[in-house]
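To start, the structure itself, in structure tokens.
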Amino acid sequence: MLFVVSAPSGSGKTTIVNEILKNNEDIIFSVSAATRKIRSGEIHGKDYFFMTVGEFKKKIENNEFIEYEKIFDGNYYGTLKKFVDDCVNQGKDVLLDLDVLGALSVKKYYGNQAVLIFIKPPARDVVKQRLLKRKTESPEQIEKRLSRFDIEMAKIKEFNYIILNDNLQDAIDELQKIINKYKNKN
Ligand code: ADP
Ligand code: 5GP
């Protein structure tokens, strides 16, 4: 299965995904390619394959992505076909952390093998507060991220599951329950 987790930036998706990965050693995180700057604490090859725009564009030309998007400050993010297909061919479950449009593209590509999960924040203002608290972007960059909020929330109906991330532990438990439901089927 492919568990695709999406949400407007700042909703808490990465926090929830990391907690799930800690508790599910059999699930592989799909490491995307990205052109944004590496944040402190991030590891190349674990969080993203960080690369230049030139390197990314070469991969587009070589048709190496299942999907890619240019988001926020003109940074590119893309799901690597080989990475995901290798996991799927080995029978492994994969967790993907993608923007909303990327999630819908993966669903088109993999069909029912992909389960789309939307992490819903309590409100736009809460997202802003969380991004300010995270301190990884400037106020201008935060505004750019927030400007996508309405577009992303508008796609919520196309997702298989919606998890409200108000209380963090409740949201983690809910995602774990969804994963367990699919695992128990096999
Ligand atoms: P995303 O990956 O969706 O952009 P993050 O996981 O980086 O979001 O979370 C954004 C910030 O909000 C982080 O500082 C994180 O610690 C915090 N956060 C996440 N979930 C909650 C929650 N339920 N309550 C309060 N703060 C949260
Ligand atoms: P961040 O810069 O905060 O790590 O991620 C920004 C956004 O890009 C998040 O919504 C994240 O889910 C999304 N993202 C990460 N990797 C990919 C990818 O490969 N494809 C797409 N479409 N979005 C991605």
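The values are calculated or read from the model by the stated rules, or taken from the named source; none is laboratory data. On a predicted model such as this, the values are computed, not experimentally measured, just so you know. As a convention, Cβ positions derive from the backbone with ideal geometry for all residues, glycine included, and neighbour counts pool all protein chains shown. Calculation scope for accessible area: heavy atoms of the full protein, side chains included, ligands and nucleic acids excluded. Shrake-Rupley method; radii C 1.70, N 1.55, O 1.52, S 1.80 Å.
Values as computed for the structure displayed
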{"quantity": "Amide proton proximity set for D93, modelled H, under 5 Å, gap of 5+", "calculated": "I28"}
{"quantity": "Longest exposed-site-free window of the chain, the sites being GluC sites (Glu not before Pro) in a DSSP loop that have at most 15 other C-beta atoms within 10 Å", "calculated": "43-186"}
{"quantity": "E158 versus I43: modelled label distance in nm, points set 7 Å from Cα along the beta carbon direction", "calculated": "3.4"}
{"quantity": "DSSP bridge pairs, segment 2-179: antiparallel proportion in percent, nearest 5", "calculated": "30"}
{"quantity": "For segment 115-167 versus segment 1-77, the gap between their alpha-carbon centres in whole angstrom", "calculated": "16"}
{"quantity": "Qualifying trypsin sites (Lys or Arg not before Pro) in segment 74-150, DSSP loop, other Cβ atoms within 10 Å at most 16", "calculated": "K92, K135, R148"}
{"quantity": "Contact order normalised by residue count of segment 1-52, Cα under 8 Å, 6+ apart, percent", "calculated": "26"}
{"quantity": "Average silhouette area of segment 2-179, convex hull of alpha-carbon atoms, in square nanometres", "calculated": "9.8"}
{"quantity": "Protein accessible area in the chain, 1.4 Å probe - carbon and sulfur %", "calculated": "49"}
{"quantity": "Residue-normalised accessible area of the chain, expressed per residue, 1.4 Å probe, Å²", "calculated": "53"}
{"quantity": "Within the chain, helix-based [θ] at 222 nm, where runs of 4 or more DSSP H residues each add -39,500 (n - 2.57), nearest 500", "calculated": "-13000 deg cm²/dmol"}
